[in-house]
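Participant: Mind looking over this structure? Questions follow.
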Amino acid sequence: MEVETEQGETGKSVMCVLTDPEGTTLGGTMYLPQNVGPIQLQQIVNTLLKNEEKLPYAFYISNQELLVPLGNYLEKNKVSMEKTLSIVYQPQAVFRIRPVNRCSATIAGHTEAVLSVAFSPDGRQLASGSGDTTVRLWDLNTQTPMFTCTGHKNWVLCIAWSPDGKHLVSGSKSGELQCWDPQTGKPAGNPLTGHKKWITGISWEPVHLNAPCRRFVSASKDGDARIWDISLKKCVICLSGHTLAVTCVKWGGDGVIYTGSQDCTIKVWETSQGKLIRELKGHGHWVNSLALSTEYVLRTGAFDHTGKQYSSPEEMKKVALERYNKMKGNAPERLVSGSDDFTMFLWEPAVSKHHKVRMTGHQQLVNHVYFSPDGQWVASASFDKSVKLWNGTTGEFVAAFRGHVGPVYQISWSADSRLLLSGSKDSTLK
């Protein structure tokens, strides 16, 4: 497609520059007719990037999505034609998720509250942990129960799949962890003991760093995090140093572990000896939730929407590394923390121990923070009954979603990053 670089009739074209989210320009300054909109811009970007398959993009001018032709935008926002207009292009997911507007299936079985649920990395199974002390595995194709895993003596508070899909770990209120074989529903070995209080979080080592998956980290109310090796069936490293309960834990793509605690700090650990690398300080109250910009690719490993299966751990590791690098781009991995002090911090822990941005606006404590799968957005859920949306790179506030009449406990994103779900004490999902 031809892009006019000469000024046509005066006032009919707009001087624009296209940049990626990191600020790298694409193809220099160009003059575009005023009737150019997102569809034409999409063709221009695909042409300039020499994409064999045409990919979908969204366009933003000063953090607002461009949905109309350039002329209409300039008129509505009273933007001067003299200045160069900077347009940021964001790649979108190639697939689209249908919004849920009714209950598609109810899977009954647990006899007490369901406390945790997790999809398998390939999206074929769902695991749930409950107050009835069992873990259940469900087949998502047929929406039927596959296995009931018994062995815990107390409520199952946390569950996590290994990113290669071969293992499932659950943590209970009594501090025990149990490994399960998702193919049979049988326990893989005896319970893993060591924590003195209940488990608050579990995170696996990313498959692009180590395949097949062997190690995971658990966090507990007892103030410690522990790294376990499932082939040795024991705790290999204890990460101690927090003075109060550890509330959340994430194993990052660079191979470090992040722990957030009620002692107001976030600690960063290396995983060969369990040394403390740095402390991220700034919150004035408990840290409740941590989110990584790469979380989605870390959790799903080599699996994507195409449903491809892998024959060897090496192949899986290679594909997972490609997905991780593509997701991360040239920028460092980003971390967001949400706290009881009503604020959130955006960090780049590999670059600095100081926060990049302080994100304020919530009127009550922040329960849950979550990056969208493409890393472009951060959503936060709060006791102030609202969900807020932030720019995932700059930490700037984008929008507030109001409608819940009770505290919002949790949020979740659709895999295409276009839909956001929230769950509240008012007993509704929105």
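Participant: What number of residues in region 404-429 are touching a Gly at 6+ places or on another chain (Cβ under 6 Å) and open to solvent by 80 Å² or more (accessible area, probe 1.4 Å)? Break it down into steps so the answer makes sense when it comes.
Facilitator: Residues of region 404-429 that are touching a Gly at 6+ places or on another chain (Cβ under 6 Å), as a first pass: 409-410, 424-426, 429.
Cutting the leftovers down to open to solvent by 80 Å² or more (accessible area, probe 1.4 Å) gives us 409-410, 425, 429.
Adding up the residues that qualify gives 4.
Participant: If a residue must be surrounded by 15 or more Cβ atoms within 10 Å (Cβ to Cβ) and free of Cβ contacts under 8 Å to residues at least 60 places away in the same chain, how many such residues does region 245-257 contain?
Facilitator: Total meeting the criteria: 7.
Participant: Is it true that Leu335 is closer than 19 Å to His167 by Cβ, crowded, with 21+ Cβ neighbours inside 10 Å and of a type outside the set (S, T, N, Q)?
Facilitator: Answer is no for this residue.
Participant: Next question, about the same structure. Identify, please: which residue in region 297-320 is outside any helix (DSSP H, G or I) and hydroxyl-bearing (Ser, Thr, Tyr) and is, among those, nearest to Leu209 (Cα to Cα)?
Facilitator: So the residue we want is Ser312.
Participant: Which ones in region 345-377 are surrounded by fewer than 19 Cβ atoms within 10 Å (Cβ to Cβ) and of a type in the set (Ser, Thr, Tyr)?
Facilitator: Those that are surrounded by fewer than 19 Cβ atoms within 10 Å (Cβ to Cβ) and of a type in the set (Ser, Thr, Tyr): Ser352, Thr360.
Participant: Could you tell me which numbered condition Glu396 fails, if it satisfies all but one of (1) touching a helix residue (DSSP H, G or I) at 6+ places or on another chain (Cβ under 9 Å); (2) acidic (Asp, Glu); (3) within 24 Å of Lys281 (Cβ to Cβ)?
Facilitator: With (1) touching a helix residue (DSSP H, G or I) at 6+ places or on another chain (Cβ under 9 Å); (2) acidic (Asp, Glu); (3) within 24 Å of Lys281 (Cβ to Cβ) applied to Glu396, the lone miss is (1).
Participant: How many residues does region 378-403 contain that are touching a residue at least 12 places away in the same chain (Cβ under 8 Å), in contact with a Leu (Cβ under 6 Å, 6 or more places away or on another chain), part of a strand (DSSP E or B) and open to solvent by 10 Å² or more (accessible area, probe 1.4 Å)?
Facilitator: 1
Participant: Regarding Ser104, is this residue under 30 Å from Ile61 (Cβ atoms) and either without any contact (Cβ under 8 Å) to a residue 12 or more places away in the chain or surrounded by fewer than 18 Cβ atoms within 10 Å (Cβ to Cβ) (or both)?
Facilitator: No, not satisfied.
Participant: Is there a residue in region 57-66 that is surrounded by 14 or more Cβ atoms within 10 Å (Cβ to Cβ), over 30 Å from His167 (Cα atoms) and among the acidic types (Asp, Glu)? Even if it seems obvious, please write down each step before you answer.
Facilitator: At the first step, the residues of region 57-66 found to be surrounded by 14 or more Cβ atoms within 10 Å (Cβ to Cβ) are 57-61, 66.
This time we only want the ones that are over 30 Å from His167 (Cα atoms), so: 57-61, 66.
Those still in the list that are among the acidic types (Asp, Glu) too: none.
Taking every residue of region 57-66 in turn, none turns out to be surrounded by 14 or more Cβ atoms within 10 Å (Cβ to Cβ), over 30 Å from His167 (Cα atoms) and among the acidic types (Asp, Glu).
Participant: Next up: Out of Val100, Val114, Val36, I need the residue that is more than 32 Å from the chain's Cα centre (by Cα) and either under 30 Å from Ser162 (Cβ atoms) or of a type in the set (Val, Ile, Thr) (or both). Which one?
Facilitator: The conditions single out Val36.
Participant: If you go through region 185-194, how many residues are in a loop (DSSP other than H, G, I, E, B), touching a strand residue (DSSP E or B) at 6+ places or on another chain (Cβ under 7 Å) and open to solvent by 60 Å² or more (accessible area, probe 1.4 Å)?
Facilitator: Residues that pass the stated criteria total 0.
Participant: Residues of region 123-143 being part of a strand (DSSP E or B) and over 15 Å from Thr184 (Cα atoms), which ones?
Facilitator: Ser128, Gly129, Ser130
Participant: Take the residues in region 167-184 that are part of a loop (DSSP other than H, G, I, E, B) and over 18 Å from Ile227 (Cβ atoms); name whichever of them is least open to solvent (accessible area, probe 1.4 Å).
Facilitator: Checking each candidate, the answer is Pro182.
Participant: Return the total of residues in region 331-350 being over 16 Å from the mean Cα position of the chain (by Cα) and outside any loop (DSSP other than H, G, I, E, B).
Facilitator: Matching residues across region 331-350 total 1.
Participant: Search region 107-138 for residues being in contact with an Asp or Glu (Cβ under 6 Å, 6 or more places away or on another chain) and of a type in the set (S, T, N, Q), and hand back the single one that is surrounded by the fewest Cβ atoms within 10 Å (Cβ to Cβ).
Facilitator: From region 107-138, those in contact with an Asp or Glu (Cβ under 6 Å, 6 or more places away or on another chain) are 110-112, 130-132; that's our starting set.
Those left that are additionally of a type in the set (S, T, N, Q): 111, 130.
On the way: Thr111: 10, Ser130: 22.
Of everything passing the filter in region 107-138, Thr111 is surrounded by the fewest Cβ atoms within 10 Å (Cβ to Cβ).
Participant: So, one more: Would it be correct to say that Pro349 is more than 25 Å from Phe59 (Cα to Cα), in contact with a Leu (Cβ under 6 Å, 6 or more places away or on another chain), touching a residue at least 12 places away in the same chain (Cβ under 8 Å) and not assigned by the TED database to the domain that holds Trp286?
Facilitator: Yes; evaluated as a whole, the condition is true for this residue.
The values are calculated or read from the model by the stated rules, or taken from the named source; none is laboratory data. Only a predicted model underlies this, so the values are computations on that prediction, with no experimental measurement involved. FYI the Cβ positions are ideal-geometry reconstructions off the backbone, even for glycines, and counts take in every protein chain you see. Remember, those area values only see protein heavy atoms, side chains included, never the ligands or the DNA or RNA. Shrake-Rupley method; radii C 1.70, N 1.55, O 1.52, S 1.80 Å.
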